[in-house]
Structures are given as C-alpha cells and as structure tokens.
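Values in this text are rule-based calculations from the coordinates and carry no lab data. Here the structure is a predicted model, which is why all the values come from computation and not from measurement. Note that each Cβ is placed from the backbone with ideal geometry, even for glycine, and that neighbours are counted across all protein chains shown.
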Amino acid sequence: MSTIEKSEGRWAEIYQHFGLMPSTQHWIKECPFCGKKKSFRISPDKIQYGGSICTCGEYNGIQTLMQITSRDFKSLCDEIDGIIGNQYQQSSEPSQRESQIVKYNRYRRTLKKVKGTGVELYLNNRGIYKMPKLAMGAGVETVNGIKCDVMVCLATTNSGFPCYLHRTYIINGQKAVFKENSKGWIAPTKKLTRIVETTESTAIRFHYHDQELGVAEGVETAKMAELKYGVRTWSLLNTSIMKRFVCPDGVKRLVIFADTDKKGAGHAAAFACAHKNLIANNDITSVIVRWREKLGDFADTEYSRLMEWTFNK
Ligand SMILES: [Zn+2]
C-alpha cells in the first residue's frame, strides 16, 4: 500500500510527529504556500487526509508537509512510513487500531452524499431540510432480507481521529422497524460501532465550529435544536460521551441541549458536561444548559416549555 493510501486517517499522529497541530484557528505566521499571515490552518475537519486550508487554496497532508518542511516527496514518505508502520515487506499483522482505520476507510468510500437519497427523505420527514455539510453519509444495507437506506454519521475526536460510526436504518423514508427473524432476533434500528478506543472528547461534527456551539445527545435532536434555536449543534451520541466532552479551542459559548428523562440521566450528563467545560483551560465564557419541561428531547414535536440555566465563567 502506498504512503498516501496508508496515511489516510493517521494524520493526527503524523502532524504530531512534525510538531504540528490541526486547529480551527489560523496560524499567526505566514501561510507556507502564499506567505499571507493569519490565513492558513491545518483543519481538524479535513484531518482524514491531513488537509490544510488558506485563502490561497486547499492542500492534502503530503503537499502541506512538503511545503512546510521544504523536503522532497520521497524522503517525507519514508519518514511517514516510519511513523505509521507502513512497510511493504512487513509480514507481521497490522495493529488492531490500524486495521480498524483501514476497514473504516474502505467502508466510508462506499457512502454517498445525503442529497437525493432515502436519508434525505427521512430527515425531511422529521422536519429537517438543511443537510449537514460534514460527518454524514448515506449507505445501503440489507437487513433480514430487507434493503434499507442507512444514515451514517462519523464521530471524531477534537484532534480529528475517527472513533465511532453511528448508523440509523431507514425504510421508505421512515425509521426502520424490523420483525423478529427465524432465530428470534430483532435487528436494531440504530447501531453504534467503535472504530478506535479513545478517552478524548468525541462528537459528530456536522459543521465547522464557531464561537458558539450547541451539543445534544442524538443526531435528530441536534438537528432539531439547531432548527428551533438557531444554534449550530453537534451530536454527542450518548450520555457517557456527553459527560466527557470538552469544547475545542475557539468556542466561547456552549449550549447543551439535555434530554429530559425519568431518571435524570440526560440532565446529569448535561450538567457534568457544563462543569467540565467551565473548569477546563479553554476559551469558554458561558455555558447554557437547556431542556424541555416535559419528558422527551428537542426532536419531539409536542409543545413543551423551554427551560434553561446559564453559567458564566
Ligand atoms: Zn495561503
């Protein structure tokens, strides 16, 4: 496998080796390509290919490193091979982490853009018409002999590692409900697959973040919260991921949309997340926890009063 193929999904490690960090903030110094100041950055959202961006253009990881280090393609590839363990003659098995990322990359290539698929129809049926730019794709899978559309969302860490795939199965624009098969097993409507183990902050990042960021548990909840309250919102998937989520640099105002459930799990996770962000060494100045008065989440259509609590740092 060539260095370019093998380096896919490994750019957080490669950049770390060269003392570089993906960031949502621009470099203060000159762009290595055009020389303009405060214009260039290595993008966490394009970290899959090591992408960097400036007003002068977009570049992949190898192009970026060649420009920054002024080194030639061959010598850089040799060094990158050393970092990621890419040896053509290598006979030993790749590490589990590597093979998971390779498997994920293979799967990701089979996905389509959401527009024009059954996934778009499903989101439209839920009242969501603005499709996310990033982190979501549309697949097709056969479950119990039934062909389904699959809404596939990718969760990544703040430094850009792919770590979870979240699938929602859809039939005719509605959430799939499967019948028991001959072995008495009922296929789930949603599936969460871990790509790599991580303790880092993880989120489905539907867009580049700004000074204000919303977070919610579910995918549909995040999209509906965004629609209703105008806060661009990421999905954190579940309460345990929410509890450990800390905003990336640059976010000043965090809005946490909590699910209201009988045992208070949604609130517990939301306030734990608020606390974690308020004591973290980041750019946060205020955290707002929002929930709905009645049981349910922000994707429910029934009327329920908005409740909120604001913390100022
Ligand atoms: Zn530039």
Cα extents of region 203-312 along the principal axes, largest first, in whole Å, come to 37, 26, 22
For a quick check: sort ARG126, ARG205, ARG194 by the number of other beta carbons within 10 angstrom, fewest at the front.
ARG194, ARG126, ARG205
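Quote the relative contact order of region 197-313 in percent (integer), defining contacts as alpha-carbon pairs under 8 Å separated by 6+ residues. Provide the component values of the computation, followed by the final result.
On the way: 260 pairs, mean separation 28.2, N = 117.
Reported as a whole number, the value is 24 percent.
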For every other residue with a beta carbon closer than 11 angstrom to the beta carbon of CYS77, add +1 if it is Lys or Arg and -1 if Asp or Glu, then tell me the sum.
-1
Region 118-194: D in µm²/s via Stokes-Einstein (Kirkwood Rh, Cα pairs, 10 °C, 1.306 mPa s)?
118
I'd like the distance between the alpha-carbon centres of region 112-152 and region 178-243, rounded to an integer number of Å.
15
Net charge dipole size for region 117-187 [Lys, Arg +1 and Asp, Glu -1 on Cβ; Debye, nearest 20]
100
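Suppose a student asked you for the relative contact order of the chain, using Cα pairs under 8 Å spaced at least 6 residues apart; what percent would you report? Could you put the intermediate results ahead of the total?
Details: 617 pairs, mean separation 33.8, N = 313.
Relative contact order of the chain: 11 percent.
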When the charge dipole of the chain is computed with +1 on Lys and Arg Cβ and -1 on Asp and Glu Cβ about the Cα centre, the Cα farthest towards its positive end, among LEU121, PHE311, THR193, belongs to LEU121
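Would you order LEU306, LEU254 from fewest to most other beta-carbon atoms within 10 Å of each residue's own beta-carbon? Working shown, then result.
On the way: LEU306 12, LEU254 25.
So the ranking, lowest neighbour count to highest, is LEU306, LEU254.
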Using Cβ contacts closer than 10 Å as the measure, can you line up TRP11, TRP291, TRP309 from fewest to most?
TRP309, TRP291, TRP11
Output ordering of 211-218, 17-24, 37-44 (per-residue mean of other Cβ within 10 Å, highest first) is 211-218, 37-44, 17-24
Whether region 1-151 is rounded, prolate or oblate, judged on the alpha carbon gyration tensor where a/c under 1.5 counts as rounded:
oblate
How high is the relative contact order of region 3-108, in percent, counting Cα pairs under 8 Å that sit 6 or more residues apart?
24
Plugging the Kirkwood radius over Cα pairs into Stokes-Einstein for the chain, at a temperature of 37 °C and a viscosity of 0.692 mPa s, what D comes out in µm²/s?
156
Please give every one of the lysines within straight-line cross-link reach of LYS74, meaning a C-alpha to C-alpha distance under 24 Å, and leave out same-chain neighbours fewer than 8 residues apart.
LYS6, LYS46
